[in-house]
Structure formats: C-alpha cells, structure tokens
Amino acid sequence: MAGHGTDTHPHGADHLCEAGHRVYSRAVRRGRIPRTDADPVPCLVELALLHPDPDDMDWLVPTPPQEVMTRLLRGLHAEVSASRTRVGAAVAAVEWYAGLGGREQPPAERSAIRVLDGLPRIRAAVDEATAACVSEVLTVQPGGIRREDELAEGLHRGLEMRRRGVRMRDLYTHVARHGQGLHTYLELVGEAAEARTLDEVTERLILFDRTVAFIPANADRTVALELRHPALVEYLVTVFERLWRLAIPLTSPLPKTGIDGITHRERSIAALLAEGHQDAAVAERLGISVRTCRAHIARLSETLGAASRTQLGVRIAQAGLDSPQGAPGLLPVPARAADARTAR
C-alpha cells in the first residue's frame, strides 16, 4: 500500500491531489471518517493528514488545519531561499487550509474529550487546570478516610487557590469524618473550603470553573478523561449540586436513625443489604473495609433480633430500613438486644 501511494500520489501537503482534497475536506467537516474512505488516497495517511482514532481503529481523524498550516510554514521558512516558485503554492495551500479551519470549526471542539493515559499526564493536566482556575473547584472524593499524602498534596493546591480567591466545595462519604487529617486540612484552608458528606458518593470528580472536568476512565484510576464539552460539564455540575443539597455539612452531626441502638452507618448498610448487595460491594460503596462492614452487620442482626441473614432481611424491611427514606420504628427493637447495646 505504501509503495502504491508513493507512485500514484507524488505530492506534498501543499498540493493535494483532487481526491485528497475531497477526502480531507470531508474528514475536517465531520470530525472523522471510516478508514475505508481513505483507501483510494493513501497520501493522506502518509502525509499525516489523517491518523487512526485511538477510540476506534476502524476510523481516521484529521490533523487540524491549523496544525497543517504551522507545519507548512515551518518547512517553507527553511526552503524559501532555494525555491521561490514553491512559496506561491504553499501560500495558496495555507489559505485553503485556513478556510477549512474557519469559525464554523471551533478549535476547542477537537479536544472536548481527551484521554489522559498514566498518572504523570493526569497530574500535569490537573495542575494546569488548577493554575488556570479563577473562581471555583468542585470535587467528589469517594472512599473512606483520606490518606495523609493525598491531603498534603491537596493542601498545597488549596492554599494557593485560597490566595487567588478560589472557592472550594468537596463531597466525601460519612466515613471520612473519622479522619483527623481532613479536619486539619479544612482548618488550614479556612473559609475558602467547605466539605459535606453522604452515605455514598459517585466516582472521583474534579470540576474547575464549570468549564473542565476530570473523571477516572478505569478501575485503578491510571487513565482519566479530561472533559471540556459544555453539555457534559454542565451535566456533571448538575449531579454535583444535587448531591451537595442532599449532603450533610462536615461541621454538623449526622442525623439520628430513629431506632435506638442502630447507627447512621448501620442504617446505610441495611438499605444496601436490602437491595441485594454482597458484603464486599456494601463496604466499597460506603468506603469501609469488608471486616468493618461485617462487624456492623453482626451488630445490626443483634439489635434487630435476627438469627440469620434471611431473617435479617425480613427484619430490615419490617423496621423500614430497606431504603434511606424508609419509615423507621415499624418493628420494635427487642428489649434484650437494645439493653445489651446500651450497656456497651
């Protein structure tokens, strides 16, 4: 194929063949084209005007006209003294590419979704967005108690953003309340930061100035997506704001469950068990260890007087604990179990 392209299309990017004009123009207008559309014009791939779409190798995406223009002019500068006749051709080609990259093609559109592969690239992109942030940062931090290294890294950013007048709002799980490091972090950052907690939150999310968002793209968070598409960012902001309204300020105590001897966390566990989740899934969603989760389940069984998992499910439903909005107190707590819990 390469040899065929060289024989049939002996030209550069400054003077495309007629077929190359048509296919490249179509690729720029549509954003990408099927690989088969470019088979008759291998010159476009050989000249790096088209390249594979990393999300689907059966498609090709165009190199932006602005980048082609820059490439042409850089080569022209080195060759201008040797070939004046080529200047006219290159200038004409630049004008043609400029026409394709006019205002109807917003430059930001091609980077509306960017894949960041590897922690160094993720950190660099987040650092760049942090430096450019001027008004607001919204974050969702799943999991349990925040690690000291994460808090130390966040403190550096937080203090710098506070200096610039940036406001920060963070969502955590209720478990994060038990980490002293988070409370210390918020004290140091001061009024510039506010934190609230929920039983469970979404996956990690960072939003800067409601214009760029970062979300993980795989389970171990070594790949992330940088989102700049206005509709996607607006959707994520809406999700955050709704969670924020439901969340409880870190400075406020958690509400009572309505049943003596059952903690707020145990009520959350009961609701997830009623949905059919296994212990490991419940633990992950609430940001606690499986061992801790099972200890809470054992205490929940004792409080509700359940002798088995099957009976526990029935008792949870009878007590109105099978959903966060369930009406508590429908099942009296056995006095013997309640007294035992109180004695502890």
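The numbers here are math on the coordinates, done by the rules we state, and not lab data. Just so you know, these numbers come straight off a predicted model, no measurement behind them. Positions of Cβ are backbone-derived with ideal geometry, glycine not excepted, and every protein chain shown enters the neighbour counts.
When you count, for each residue, the other Cβ atoms within 10 Å and take the mean per peptide, how do 23-32, 182-191 rank with the highest first?
Working: 23-32: 17.9, 182-191: 15.2.
Packing order, densest peptide first, comes out as 23-32, 182-191.
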Practice item. Tell me which residues come under 5 Å, amide H to amide H, from Leu205 once H is placed; ignore anything under 5 positions away on its chain. Key: Val140
Practice item. In whole Hz, with x marking every Gly and Pro, tabulate ³J(HN,Hα) for region 246-256 from phi via Karplus 6.51 cos²θ - 1.76 cosθ + 1.60, θ = phi - 60°. Key: 7, 6, 10, x, 4, 7, 9, x, 5, x, 5
Study note, to complete from the structure: Interchain or sequence-distant (5+) residues whose placed amide H lies within less than 5 Å of the amide H of Leu50 are Val45, Thr63
Review point. Which distance in Å, rounded to a whole number, links the C-alpha centroids of region 48-65 and region 172-243?
Key: 33 Å
Practice item. Taking each pair of different alpha-carbon atoms in region 225-303 once, compute 1/r for the pair, average those values, and report the inverse of that mean as the Kirkwood hydrodynamic radius in Å to one decimal. Key: 15.0 Å
Check your understanding: For region 184-199, in order, what is each residue's ³J(HN,Hα) by Karplus, 6.51 cos²θ - 1.76 cosθ + 1.60 with θ = phi - 60°, in whole Hz (x at glycine and Pro)?
Key -> 5, 4, 5, 5, 6, 6, x, 5, 5, 10, 9, 10, 9, 10, 9, 4
Review point. Counting only residues 5 or more places away or on other chains, whose amide H sits under 5 Å from the amide H of Leu250 once H atoms are built in the peptide plane?
Key: Ala195, Arg196, Thr197
Review point. Taking 0.36 nm per intervening residue step and subtracting the Cα-Cα distance, what contour gain separates Arg114 from Gln278 on full extension?
Key: 55.5 nm
Check your understanding: What does the charge count near Ile215 come to, summing +1 for each Lys or Arg and -1 for each Asp or Glu among other residues with Cβ under 10 Å from its Cβ?
Key -> 0
**Study point:** Under Karplus coefficients 6.51, -1.76 and 1.60, residue-wise ³J(HN,Hα) of region 160-175 in Hz, glycine/proline x
**Key:** 5, 5, 4, 4, 8, x, 7, 8, 10, 10, 10, 10, 10, 7, 4, 4
Check your understanding: If each Cα of region 156-204 is one equal point scatterer, what is log10 of I(q)/I(0) from the Debye formula at q = 0.13, 0.17, 0.20, 0.30 Å⁻¹?
Key -> -0.31, -0.53, -0.70, -1.13
